[in-house]
Amino acid sequence: MTSFRFLHAADIHLDSPLHGLSRYEGLPVDEIRSATRAAFDNLVQCAIDEAVDFVVIAGDLFDGDWRDMGTGLYFAKAMGRLNQVGIPAFLLSGNHDAASVISRTVPWPPNVRLFGSKRPETHRLPDISVAIHGQSFATQAVTENLVIAYPQGDAHTFNIGMLHTALAGRQGHADYAPCSVDDLRSRGYDYWALGHVHEFEVVSTEPHVVFPGNVQGRTIRETGAKGAVLVNVADGEVTSVERIELDVIRWARLDVDCTGARMDELSDLLRSALVGLHGSNASGRPLIARVTLTGEMADAGAVRDGAAMLRDDVRAIASSISPDLFVEKVRVEVTEPARTTVAVGEDLGTMIEEAATDPDLTAAIGRDLERFMLAASTSLGEPEDGELRLSAARSDWAGVLGTASTALRSRLTREG
């Protein structure tokens with residue numbers, strides 16, 4: 001057999017829409033909106049620079065039916081770049097771009113080969129003795145084991161299986177096309193190019209079973225580096241699986257332990273944490289962080305009470321550290337230390353303590369505030385995490401009372 005190399009990608013989600021991110025002040029909305037295209041451009045350029053023999057994309061190239069023809073035209077142009085240098089691309093549809101979902105088409109360049117959805121198909125590259133087997137999703141929710149219908153591997157050939165699946169299950173991913181690693185091994189293939197799971201994972205090396213992850217994180221649920229894998233093969237054996245980073249924007253979570261800190265110390269504490277996060281970002285890519293304040297603070301009530309102002313402060317601090325450091329949300333999860341006495345007077349303190357657990361008071365608050373909170377949400381927009389309005393929007397009146405009681409106790413303690 002000859003030596004060759006190929007690029008394995010999945011879960012491109014081209015032109016994936018923003019889900020509420022545009023309402024967060026200061027986020028680079030245009031960059032986020034175009035990030036999946038920019039990452040895909042990086043994928044195409046990587047294939048050209050590395051002179052790969054072919055590219056495989058294991059499902060969810062598109063995020064759903066195209067909003068307009070621009071998505072299809074962009075993809076055709078990108079594939080045209082590969083066609084000009086003789087690099088074929090093999091695609092299969094996943095749950096987001098199943099045959100039943102995508103209603104529009106444009107003519108693809110001749111190097112693009114899409115697997116059908118009725119049964120497994122095989123495409124062969126005889127010049128390098130490669131056979132690529134795969135089957136697209138016919139519908140969004142494929143719950144049967146597709147692997148059992150895949151053909152046995154060709155003899156004296158490097159066999160690649162393409163499949164969009166969570167295998168026996170992966171946290172946060174629907175259990176589509178379920179199967180086991182033993183099912184995959186039973187086909188006698190040399191490499192399984194999987195998609196659907198958005199985290200990079202080498203599931204097995206005998207044979208190689210690989211999730212490349214998605215090429216671009218799209219929300220805070222998809223943190224860290226994203227990209228594809230470059231696979232080198234020599235004499236019928238996989239010699240290396242190299243992860244290639246292709247993302248253009250990176251997401252991160254930053255937990256800041258505020259235990260024992262005073263209210264007036266928070267700015268310095270947050271600045272230090274954000275400086276550390278920025279310094280650890282060796283990639284140099286723009287970073288979007290969710291900041292969560294944790295730990296026990298005597299001033300927890302005051303921090304919660306001033307959550308909106310604190311959020312603005314955190315974003316201002318991030319902007320002063322770097323123009324490429326952004327804050328998606330600030331979550332306030334600090335709590336008060338356990339109290340053995342009540343400093344604001346025994347009777348008043350007891351009333352405040354019991355308010356959040358009083359069902360009659362909870363019901364009364366709900367009746368009195370429901371219309372007001374509806375009006376507030378209409379005029380102020382959707383609430384962010386940490387706002388009192390968020391609990392009210394969910395009709396969590398006990399949560400409203402709990403937050404308000406903590407803030408009231410904090411204010412009375414400071415003023416007393």
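The values are calculated or read from the model by the stated rules, or taken from the named source; none is laboratory data. In this text, all values refer to a predicted model and were calculated from it rather than measured experimentally. All Cβ positions, glycine included, derive from the backbone under ideal geometry; neighbour counts span all protein chains shown.
Worth a mention:
- Residues of the range 2-30 satisfying the condition of being touching a residue at least 40 places away in the same chain (Cβ under 8 Å), in contact with a helix residue (DSSP H, G or I) (Cβ under 8 Å, 6 or more places away or on another chain), outside any loop (DSSP other than H, G, I, E, B) and within 30 Å of I317 (Cβ to Cβ): L21
- Consider the range 231-257 and keep the residues that are within 22 Å of the chain's Cα centre (by Cα) and of a type in the set (D, E). The one that is surrounded by the fewest Cβ atoms within 10 Å (Cβ to Cβ) is E242.
- Condition check for L43: in contact (Cβ under 8 Å) with a residue 24 or more places away in the chain and in a helix (DSSP H, G or I): yes
- Screening the candidates D30, D60 for the property of being more than 24 Å from F115 (Cβ to Cβ), of a type in the set (D, E) and either surrounded by fewer than 23 Cβ atoms within 10 Å (Cβ to Cβ) or in the same structural domain as L14 (by TED's automatic domain parsing) (or both) yields one hit, D30.
- Filter result (loosely packed, with under 14 Cβ neighbours inside 10 Å and either over 15 Å from A318 (Cβ atoms) or aliphatic (A, V, I, L, M) (or both)) within the range 258-284: T259, G260, R262, D264, E265, A282, S283, G284
- Test: D68 is surrounded by fewer than 16 Cβ atoms within 10 Å (Cβ to Cβ), out of contact with any Ser or Thr (no Cβ under 8 Å at 6 or more places or on another chain), of a type outside the set (V, I, T) and in a helix (DSSP H, G or I): no
Residue-wise test of (1) of a type outside the set (S, T, N, Q); (2) within 21 Å of the chain's Cα centre (by Cα).
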| position | (1), (2) |
| --- | --- |
| R33 | yes, yes |
| T36 | no, yes |
| F40 | yes, yes |
| V44 | yes, no |
| F54 | yes, no |
| L73 | yes, no |
| G80 | yes, no |
| A89 | yes, no |
| I102 | yes, no |
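- When restricted to residues that are touching a residue at least 60 places away in the same chain (Cβ under 8 Å) and in contact with a strand residue (DSSP E or B) (Cβ under 8 Å, 6 or more places away or on another chain), the range 198-216 contains 6.
- For the range 117-138, a residue qualifies if it is exposed (fewer than 15 other Cβ atoms within 10 Å of the Cβ) and either over 21 Å from D183 (Cβ atoms) or outside the structural domain of D190 (by TED's automatic domain parsing) (or both), and the qualifying residues are R124, P126, D127.
- Residue within the range 273-280 that is closer than 30 Å to R5 by Cβ, without any contact (Cβ under 8 Å) to a residue 40 or more places away in the chain and among the hydroxyl-bearing types (S, T, Y) present: no
- Residues being in contact with a strand residue (DSSP E or B) (Cβ under 9 Å, 6 or more places away or on another chain) and either surrounded by fewer than 17 Cβ atoms within 10 Å (Cβ to Cβ) or within 16 Å of L266 (Cα to Cα) (or both) - total across the range 286-305: 10
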